[in-house]
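> There's a structure below that I have some questions on.
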Amino acid sequence: MPTLTSSTAPHAPITSAVTHRPGARVRPDSAPPARIVGAGALVPLNDGRRVPYANLDYAASAPCLEAVQDAVTQALPYYSSVHRGAGYASQVTTDAYERARETVRGFLGAWDRAAVVFTRNTTDAMNLLAHAVPQGTTVVVFETEHHASLLPWRRAVRLPAPATPAEAIAAADRALAGAPAGPRLLVVTGASNVTGELWPLRELADTAHRHGARIAVDAAQLVPHRPLDMTALGLDYAAFSGHKLYAPFGAGVLAGRGDWLRAAAPYLKGGGASASVTGHGDDVRWAPGPEQRHEAGTPNVLGAIAIAAACDTLAARWDALAEHEERLLTRLRAGLDAIPGVHELTLWGGRGPRVGIVSFVVDGLSARDVALALSGEHGIGVRDGKFCAHPFVRHLVGTAGGDCLGGDGTAVRASFGAGTTAAHIDRLIAALAALAGR
């Protein structure tokens, strides 16, 4: 499986997980590499007309793949409880649930005995890891993180936004070297949910391990766009959400080393997490395995099945997906650059590799006004705000220059993926040109 690598030279580009091959067949813009539920759905405009929806808000929640819908539909007739029933439906459902765990393990390139715990989403997964880290663990995290990775930690060293990938590696190195004795954990994103920029995971993992620390990666915005190989990269933990992976059924994943998870008290206490309960419930022996120990109650079986179906679908299409996305990304960024008064937000400049996420500001217009106009006048869905990454967005908006946002510190984010077409991108560019010219 391809890996994410980078150079440690200042401003050197990070090599993305999927690269273009000379002579590779280019798919036509009209044929996205995966089929999406609801493609072509009509939405109303302010003037009463209805137009096909241009969904450019994938980074918030990606639409459902038809393959995911099919997998869930096929599972529903046999839907039943897992791990506890002797009936045929329960056995079928239990098997599907555990096979989903194996599919996720393979999709992430995790080692054979790596724990794969199903959670509600990335936030839940990171909070589970925060619950499980040993007492006294020092966590090093950059202010560029999504709140899911920024906020859960009890003892955190927060680093400012690095100016280059090399500076990110150096800052992590200094922070881990200066951390108190005891367990240490470096927390980083795989791909920024604000700018889409890829982080140098291999080098950061090497840095963490050199100091006896572990590394956890928020992969929520990475795995819908690029393959991730935890083993090759040396990652200890990875977390992601199904609803960003074209599987919008309320499940997520924490995968990685099982020792901290086995040693921690159950994240939730209840059925499934307990191996035995005696007396009046005050004498409990908890399940030893990390999955059972931290998956109390009836799990989201359909969510796990949906994630597995999405993993299988994406894994079979990585080259086509990367080529499709790169073409659209180039088209969008060139279009935005040609509009006076529109400023793209980047951490490391415009040349580094990134996934299909672009945030920007428009001189003299608030992000909310831009987003509402795009929706009501053009049938385009984008996100506005601080994207649950408040310190990072404030940092970026402060460096954007111009009369940006009327001082409210927010931005607009366009994000896309498997179901996006060139026509969607062109509609956004034309709409922004009209708005900026008012």
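The values are calculated or read from the model by the stated rules, or taken from the named source; none is laboratory data. Just so you know, these numbers come straight off a predicted model, no measurement behind them. Note: ideal-geometry Cβ built from the backbone for every residue, glycine included; neighbour counts use all protein chains shown.
> Out of the helices (runs of 4 or more DSSP H) lying entirely within the stretch 297-401, which hold 2 or more residues that are within 18 Å of the chain's Cα centre (by Cα)?
301-315, 318-337, 390-398
> Please go through the stretch 410-428 and pick out each residue that is buried (at least 19 other Cβ atoms within 10 Å of the Cβ) and not small (Gly, Ala, Ser).
410, 412, 413, 416, 420, 421, 424, 425, 427, 428
> Taking interchain pairs and intrachain pairs at least six residues apart, which have beta carbon atoms under 9 angstrom, with the first residue in the stretch 251-272 and farther than 30 Å from residue 68 by Cβ and the second β-branched (Val, Ile, Thr) and buried (at least 18 other Cβ atoms within 10 Å of the Cβ)?
260/133; 260/137; 264/133
> Then there is this: Could you tell me whether any residue of the stretch 221-233 is closer than 24 Å to residue 127 by Cβ, out of contact with any Ser or Thr (no Cβ under 8 Å at 6 or more places or on another chain) and either outside the structural domain of residue 106 (by TED's automatic domain parsing) or in a helix (DSSP H, G or I) (or both)?
There is at least one residue in the stretch 221-233 that is closer than 24 Å to residue 127 by Cβ, out of contact with any Ser or Thr (no Cβ under 8 Å at 6 or more places or on another chain) and either outside the structural domain of residue 106 (by TED's automatic domain parsing) or in a helix (DSSP H, G or I) (or both).
> Somewhere in the stretch 408-428, is a residue within 30 Å of residue 159 (Cβ to Cβ), assigned by TED's automatic domain parsing to the domain that holds residue 36, assigned to a helix (DSSP H, G or I) and within 25 Å of the chain's Cα centre (by Cα)?
No, every residue in the stretch 408-428 fails to be within 30 Å of residue 159 (Cβ to Cβ), assigned by TED's automatic domain parsing to the domain that holds residue 36, assigned to a helix (DSSP H, G or I) and within 25 Å of the chain's Cα centre (by Cα).
Yes or no, residue by residue, for (1) more than 21 Å from residue 261 (Cβ to Cβ); (2) among the small types (Gly, Ala, Ser):
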| site | (1), (2) |
| --- | --- |
| 119 | no, no |
| 126 | no, no |
| 133 | no, no |
| 150 | yes, no |
| 161 | yes, yes |
| 173 | yes, no |
| 185 | no, no |
| 191 | yes, yes |
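> Restricting attention to the stretch 31-41, does a residue exist that is closer than 29 Å to residue 414 by Cα, touching a helix residue (DSSP H, G or I) at 6+ places or on another chain (Cβ under 8 Å) and basic (Lys, Arg)?
So in the stretch 31-41, the residues closer than 29 Å to residue 414 by Cα come out as 31-41.
Those still in the list that are touching a helix residue (DSSP H, G or I) at 6+ places or on another chain (Cβ under 8 Å) too: 32-37.
Now narrow it down to the ones that are basic (Lys, Arg): 35.
The answer is yes; a qualifying residue exists.
> Conditions first: (1) touching a helix residue (DSSP H, G or I) at 6+ places or on another chain (Cβ under 7 Å); (2) buried (at least 19 other Cβ atoms within 10 Å of the Cβ). Residue 250 passes all but one, so which condition is the exception?
Unmet for residue 250, out of (1) touching a helix residue (DSSP H, G or I) at 6+ places or on another chain (Cβ under 7 Å); (2) buried (at least 19 other Cβ atoms within 10 Å of the Cβ): (2).
> Any chance the stretch 328-348 includes a residue that's of a type in the set (Val, Ile, Thr), crowded, with 22+ Cβ neighbours inside 10 Å, more than 30 Å from residue 48 (Cα to Cα) and modelled with pLDDT of 85 or more?
Taking every residue of the stretch 328-348 in turn, at least one turns out to be of a type in the set (Val, Ile, Thr), crowded, with 22+ Cβ neighbours inside 10 Å, more than 30 Å from residue 48 (Cα to Cα) and modelled with pLDDT of 85 or more.
> Of all residues in the stretch 257-286, count the ones that are buried (at least 16 other Cβ atoms within 10 Å of the Cβ), assigned to a strand (DSSP E or B) and out of contact with any Phe, Trp or Tyr (no Cβ under 7 Å at 6 or more places or on another chain).
Summing the residues that are buried (at least 16 other Cβ atoms within 10 Å of the Cβ), assigned to a strand (DSSP E or B) and out of contact with any Phe, Trp or Tyr (no Cβ under 7 Å at 6 or more places or on another chain) in the stretch 257-286 gives 1.
> Another question, if that's okay. Does residue 329 meet the test of being under 20 Å from residue 56 (Cβ atoms) and in contact with a Phe, Trp or Tyr (Cβ under 9 Å, 6 or more places away or on another chain)?
It is true that residue 329 is under 20 Å from residue 56 (Cβ atoms) and in contact with a Phe, Trp or Tyr (Cβ under 9 Å, 6 or more places away or on another chain).
> Can you say whether residue 84 is in the same structural domain as residue 327 (by TED's automatic domain parsing) and more than 30 Å from residue 222 (Cβ to Cβ), as far as the supplied structure shows?
Values: in the same structural domain as residue 327 (by TED's automatic domain parsing): no; more than 30 Å from residue 222 (Cβ to Cβ): yes.
Against the criterion (in the same structural domain as residue 327 (by TED's automatic domain parsing) and more than 30 Å from residue 222 (Cβ to Cβ)), residue 84 does not qualify.
> Further, regarding this structure: Please indicate, with yes or no, whether at least one residue in the stretch 356-368 is surrounded by 20 or more Cβ atoms within 10 Å (Cβ to Cβ) and within 26 Å of residue 67 (Cα to Cα).
yes
> For the stretch 85-119, give me each residue that is in contact (Cβ under 8 Å) with a residue 12 or more places away in the chain and not in a helix (DSSP H, G or I).
Within the stretch 85-119, 108, 109, 110, 111, 113, 114, 115, 116, 117, 118, 119 meet the criteria.
> Just to be sure, is residue 398 more than 11 Å from residue 54 (Cβ to Cβ) and at pLDDT 95 or above?
Details: more than 11 Å from residue 54 (Cβ to Cβ): yes; at pLDDT 95 or above: no.
Taking the combined requirement at face value, the residue does not satisfy it.
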